[in-house]
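Here's the structure we're looking at; comments come further down.
The values are calculated or read from the model by the stated rules, or taken from the named source; none is laboratory data. The structure displayed is predicted, hence computed values, not measured ones. With ideal geometry, Cβ positions are generated from the backbone for all residues, glycine too; neighbour counts draw on all protein chains shown.
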Amino acid sequence: MFIQFLIIVFALSVIIKIILNFKRGEISLKGLLFWLILWIIILIAVLLPQTTAFFAKILGVGRGVDVAIYFSIVLLFYLVFRIFIKLQKIETNITEIIREIALKNSSKRKK
């Protein structure tokens, strides 16, 4: 099918991009492994659709594509949660830095 071809080409392109980003130091080894495993799983699901049907049977889900969709939704919620936590940490750090700068500037003005 044409859609399988497109997904395979896209997944391979993403894998190459991930490896290049790792070589440039833009992502950590942990990030590299996470994203490589994820995209390899996607490739396996596209190349061997019976694997998703196997997991669907084990999990008691009707079709293999349903398992893929459920897994994708859970993964997206997890990633959004992680981004939310990191964003909160960044906001806290920015607030602390701004406070320190404000205190330093106010002490300079008093002198």
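When you scan region 7-24, do you find a residue that is surrounded by fewer than 12 Cβ atoms within 10 Å (Cβ to Cβ) and not in a helix (DSSP H, G or I), even just one?
yes
Just for helices (runs of 4 or more DSSP H) wholly inside region 27-111: which have at least 2 residues that are out of contact with any Ser or Thr (no Cβ under 6 Å at 6 or more places or on another chain) and over 30 Å from residue 12 (Cβ atoms)?
Where helices (runs of 4 or more DSSP H) fall fully within region 27-111 and carry at least 2 residues being out of contact with any Ser or Thr (no Cβ under 6 Å at 6 or more places or on another chain) and over 30 Å from residue 12 (Cβ atoms), they are 64-110.
With 90, 58, 40, 83 as the choices, which residue is in the same structural domain as residue 4 (by TED's automatic domain parsing) and not basic (Lys, Arg)?
Working: 90 fails: in the same structural domain as residue 4 (by TED's automatic domain parsing); 58 fails: in the same structural domain as residue 4 (by TED's automatic domain parsing); 83 fails: in the same structural domain as residue 4 (by TED's automatic domain parsing).
Result of the check over 90, 58, 40, 83: 40.
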